[in-house]
Amino acid sequence: MTQASRDWWRDAVIYQVYIRSFADGNGDGEGDIAGLRERLPYVRDLGIDALWINPWYPSPLNDGGYDVADFRDIDPRFGDLVQAKSLLDEAHGLGLKVLLDIVPNHSSWDHRWFREALAAGPGSPERARYIFRDGRGPDGALPPNNWRSVFGGLAWERVTEPDGTPGQWYFHIFDVSQPDFDWENPEVRAEFLDILRFWFDLGVDGFRIDVAHGMVKNMAGPDLPYDESGLLDRPSIADHPFFDRDGVHDIYRGWREVADSYDPPRLYVAEAWVEPAERLARYLRDDELHSAFNFGYLKSAWTAADLRRSIDDSVSTLASVGAPATWVLENHDVERVVTRYGRDVTAAGTGHAGKAKGPVDVELGTRRARAAALLMLALPGGAYVYQGQELGLPEVLDLPEGSLQDPVWERSGHTERGRDGCRVPLPWSVSGSSYGFGSGGAWLPQPAGWGELSVEAEDGDPASMLSLYRDGLRLRRSIPSVEPLTWIDETADDVVAFQRGRGFACVVNLGATPSTLPAHREVILASGPLDADGRLPTDTAVWLAV
Ligand code: GLC
């Protein structure tokens with residue numbers, strides 16, 4: 001295998017499959033491996049390089065599968081290991097790599113280890129796999145400290161001991177059903193090395209690492225200062241007791257050895273919400289992880305100054321450790337870009353789904369999202385596309401309250417709707433049961449009119465988002481991937497314009513008035529029509545042969 005093919009991930013476009021909402025093969029209203037296998041040709045024809053599949057492990061699905069009950073199996077709702085193997089073979093046969101999602105910070109409370117921990121009682125080796133502590137106060141009725149769950153409420157839950165008395169507390173950064181592992185315990189470390197090998201042996205090409213900045217904690221850390229808006233964000237303080245601690249890097253050095261012991265070597269992508277970019281770069285040192293989602297870019301405002309700053313920052317900081325940048329506009333935790341950019345967004349936000357407020361102009365958001373797609377695909381490094389992003393699906397903001405499933409909804413006391421609005425099952429056809437998602441309805445209600453955004457409706461329509469993504473992904477292959485980005489200075493301040501090598505340029509107009517294009521031979525692709533004088537209108541992007 002050549003170095004170039006070993007390094008496939010450095011400029012790969014990875015398509016995120018939220019399996020529960022992608023395609024339902026068995027008609028139970030939830031997506032599954034069978035549905036995904038049927039739709040693999042669609043994914044291949046998009047022109048992407050790899051899939052990342054969200055957790056498919058046995059799970060009570062209290063947090064959409066990020067509450068894993070068994071890390072070495074597949075939930076029967078999604079399929080089984082035999083089907084998983086067939087999926088891997090078929091994807092590989094189509095030239096697609098497959099990444100899974102590993103969730104090392106916590107398990108489900110249905111995991112065998114956690115049940116054993118509850119049954120075994122205080123001080124047992126079974127409890128030492130998780131983070132159990134005695135409470136404060138004379139009868140231990142007060143939580144060990146004031147730390148809060150990212151989903152709202154306390155990060156501690158009191159258990160009832162096997163003898164029926166109120167007992168110790170366990171720590172959970174996320175939902176109460178997601179107890180955190182104790183990564184100081186060598187048994188936990190060994191277990192995860194074994195889980196990695198299990199899936200690599202099956203043929204999986206790599207992992208997206210959930211909450212990669214979690215795992216290592218300083219449980220002796222102080223109480224934290226919280227403000228009221230903290231849901232889904234973390235307090236930005238230095239020396240945070242449970243995020244981005246230096247000790248986590250030792251774990252990744254061990255993981256990297258496992259990945260490198262395979263031929264071809266396997267890949268890791270970090271989900272690490274850390275700032276500034278220098279902190280993120282530490283995860284991507286030579287002997288650690290390969291790549292990381294660039295959430296700084298996702299969070300930057302739709303203004304030329306912010307985008308330029310974010311691009312410069314990402315490229316240069318990651319280059320310092322030899323890692324490529326990645327570009328992300330959406331995932332299953334953030335508001336769909338068509339909606340996010342349809343707000344009055346010149347202020348950067350967290351992007352987290354369910355948090356943003358205020359009116360949305362979907363037409364404006366769609367125009368911007370089209371321009372943003374061409375910008376993202378022209379930048380050096382890797383890119384991610386979340387299922388439905390290529391269709392221009394908006395966030396579903398009006399899901400009936402009774403259908404909401406994200407634990408954030410309950411834990412926030414019904415003040416935050418959470419992330420279900422970006423997880424609504426995909427529309428495949430213009431009409432019919434669940435718009436072609438499956439024969440048995442859809443686990444989250446799809447809005448009326450969803451069919452107009454279906455694959456069937458957009459396929460072959462040159463003006464559709466799907467056609468734009470297909471064209472962009474195809475033409476991207478001719479952008480010289482080794483060429484760095486150089487800014488074109490002659491354009492106005494509110495225009496983002498750069499070259500990749502001598503032959504290719506990308507120009508995006510974020511200003512209020514049309515902008516004259518730099519000298520070029522040809523317009524290769526445009527996110528919207530140019531004006532009658534050949535100028536680039538507001539919120540429009542072009543790729544140029546120069
Ligand atoms: C990650 C996942 C998110 C999940 C959380 C807890 O941020 O992307 O969906 O809720 O981890 O596992």
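The values are calculated or read from the model by the stated rules, or taken from the named source; none is laboratory data. Only a predicted model underlies this, so the values are computations on that prediction, with no experimental measurement involved. Here the Cβ is made from the backbone with ideal geometry for all residues, glycine too, and neighbour counts use every protein chain on show. SASA here: full protein model, heavy atoms, side chains in, ligands and nucleic acids out. Shrake-Rupley method; radii C 1.70, N 1.55, O 1.52, S 1.80 Å.
Structure summary
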read-out: Output for region 408-428, where each listed residue is assigned to a helix (DSSP H, G or I) and either more than 16 Å from the ligand (Cβ to nearest atom) or open to solvent by 10 Å² or more (accessible area, probe 1.4 Å) (or both); value: TRP409, GLU410, ARG411
read-out: Residues that are buried (at least 21 other Cβ atoms within 10 Å of the Cβ) and free of Cβ contacts under 8 Å to residues at least 60 places away in the same chain, drawn from region 238-247; value: PHE243, ASP244
read-out: Selection count, region 251-281, where residues are surrounded by fewer than 18 Cβ atoms within 10 Å (Cβ to Cβ), among the charged types (D, E, K, R) and away from the ligand (no atom under 16 Å from the Cβ); value: 6
read-out: Test: residue in region 72-83 that is within 16 Å of the ligand (Cβ to nearest atom) and β-branched (Val, Ile, Thr); value: no
read-out: Failed criterion for LEU100 (all others in (1) surrounded by fewer than 19 Cβ atoms within 10 Å (Cβ to Cβ); (2) within 30 Å of ARG477 (Cα to Cα) hold); value: (1)
read-out: Lone qualifier among ARG44, ARG39, ARG20, ARG10 - being touching a Pro at 6+ places or on another chain (Cβ under 7 Å) and open to solvent by 10 Å² or more (accessible area, probe 1.4 Å); value: ARG10
read-out: All positions within region 380-398 that are farther than 25 Å from ALA325 by Cβ and open to solvent by less than 10 Å² (accessible area, probe 1.4 Å); value: LEU391, LEU393
read-out: Subset of region 112-147 (residues that are touching a strand residue (DSSP E or B) at 6+ places or on another chain (Cβ under 6 Å) and within 16 Å of the ligand (Cβ to nearest atom)); value: TYR130, ILE131
read-out: Complete set of residues in region 465-475 that are farther than 21 Å from LEU307 by Cβ and either without any contact (Cβ under 8 Å) to a residue 60 or more places away in the chain or of a type in the set (Phe, Trp, Tyr) (or both); value: SER467, ASP471
read-out: Filtered residue count, region 50-72, keeping only those that are free of Cβ contacts under 8 Å to residues at least 60 places away in the same chain, open to solvent by less than 10 Å² (accessible area, probe 1.4 Å) and closer than 15 Å to PHE192 by Cα; value: 2
read-out: Which numbered condition LEU202 misses (of (1) surrounded by 15 or more Cβ atoms within 10 Å (Cβ to Cβ); (2) over 21 Å from the mean Cα position of the chain (by Cα); (3) touching a residue at least 40 places away in the same chain (Cβ under 8 Å)); value: (1)
read-out: Qualifying residue in region 86-95 (condition: more than 16 Å from the ligand (Cβ to nearest atom), out of contact with any Phe, Trp or Tyr (no Cβ under 7 Å at 6 or more places or on another chain) and free of Cβ contacts under 8 Å to residues at least 12 places away in the same chain); value: yes
read-out: Search result, residues across region 156-182 that are without any contact (Cβ under 8 Å) to a residue 40 or more places away in the chain and within 14 Å of the ligand (Cβ to nearest atom); value: none
read-out: Check on SER314, crowded, with 21+ Cβ neighbours inside 10 Å, of a type outside the set (Asp, Glu) and free of Cβ contacts under 8 Å to residues at least 24 places away in the same chain; value: no
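One line per residue, one yes/no per condition, for (1) under 25 Å from ALA305 (Cβ atoms); (2) open to solvent by 30 Å² or more (accessible area, probe 1.4 Å):
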position: GLY438; (1), (2): no, no
position: ALA448; (1), (2): no, yes
position: ALA463; (1), (2): no, yes
position: ARG477; (1), (2): no, yes
position: THR486; (1), (2): yes, yes
position: ALA497; (1), (2): yes, no
